[in-house]
1. Can you tell me the length gained on complete extension of the stretch Leu194 to Thr87, counting 0.36 nm per residue apart and subtracting the Cα distance?
2. For a quick check, take a GNM of the chain with Cα springs below 10 Å and name the residue from Glu85, Glu53, Glu22 with the largest mean-square fluctuation.
3. Give me Rg over Rh for segment 173-220, both radii from the alpha carbons and Rh done the Kirkwood way, two decimal places.
4. Can you give the net charge of the other residues whose Cβ lies under 14 Å from the Cβ of Ile31, counting K and R as +1 and D and E as -1?
5. Largest first and in whole Å, what are the equivalent-ellipsoid semi-axes of segment 225-292 based on the Cα gyration tensor, each being the root of 5 times an eigenvalue?
6. Using a simple spin-label model with points 7 Å from Cα along the Cα→Cβ vector, what separation in nm is obtained for Lys146 and His97?
7. Contour minus end-to-end for Gln78 and Asn26, with contour as 0.36 nm per residue of separation and end-to-end as the Cα-Cα distance?
8. Let me confirm the definition first: pairs of Lys residues in the chain, 8 or more apart or on different chains, C-alpha distance under 27 Å. How many are there?
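No value in this document is a laboratory result; all are computed from the given coordinates. Please read these numbers as outputs of a predicted model, since none were measured by experiment. Cβ: placed from backbone, ideal geometry, glycine included. Neighbour counts: every protein chain shown.
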Amino acid sequence: MKITEGYMPFHDYQTYFRIVGEAKKNTAPLILLHGGPGSSHNYFEMLDDLAQEGFQLVMYDQLGCGQSSAPDQPELWQAQTWLDELTELRSYLHLDHVHLLGQSFGGMLALMYLLEKKPQGVQSLILSSTLSSAKLWASEQHRLIKYLPQAEQEAIAVAEKTGNYSEPAYLAANAHYMALHAAAPVTKDSPEPLKRAKINGDQSYMTAWGPNEYTPTGTLRNYEYTDRLAEINIPTLITNGTDDLCTPLIAKTMYDHLSNAQWKLFQNSRHMPFVEHHDEYINLLSSWLTEH
């Protein structure tokens, strides 16, 4: 399986990219947009199996994340930076016809890209555990918090009231919350891409989103695109898990507003069904990409 790695010049910086598989004349590549903002492409290596089935994957670390440049410039961490970077990546790699998959923040980026940039050549969209409304996302997280033990609920409430997110009680409560709805703690038995140490990304997450998943205070806090989803006409696949940060209500809200969508809800899964239901997810994507 061919793997090509490199760096794209972007303004005064560099964006790391990783291409898996060969380009095929009649098969558009799949661009993978990772979450955060502030994560990396690492977990998308779980999708490398798709290349064995003849699909080319293009993944990259967004500016401020992973192996890409991470300048200490908080003013960069806003949607426009990452939208311009995605536009430049398609041009730099000559990706005229593509499928887009955005996971978590990557799905936000994909929706903004389609609705604000109105690009040509996007054949289909896959919205993986993502959102169309920061307000609804925050509301749903606070609903889920009510299922935590009372002491943990109180620790989170105190942190949000005081703005102090460093107290041990809060940190333990947030870690429990994320284990329930994002992903299990990494162990020696976890897949190798998930065990890699995180490189950069904290500043971009804090600046663009906030201190945690349920307190959006950053530059993306007013992200609201639900009412514009009807403008998207390309085939769209929504995926999420029953125990996901992207709750069934969040996923259904997108599904109800899109004109050409399908929705797959993975049972007993959190924020990364492509890890927890790997084979089923690969089969779903393979069928989707073959059809579209």
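1. 35.8 nm
2. Comparing Glu85, Glu53, Glu22 in a Gaussian network model of the chain, the most mobile one is Glu53.
3. Taking Rh as the inverse mean 1/r over Cα pairs, Rg/Rh reads 1.03.
4. Details: positive: Arg18, Arg90, Lys117; negative: Asp61, Glu85, Glu88, Asp96.
Every neighbour counted, the sum reads -1.
5. Semi-axis lengths for segment 225-292 are 21, 17, 7 Å.
6. 4.9
7. Once the chain is fully extended between Gln78 and Asn26, it gains 15.2 nm.
8. The number of close lysine pairs in the chain is 22.
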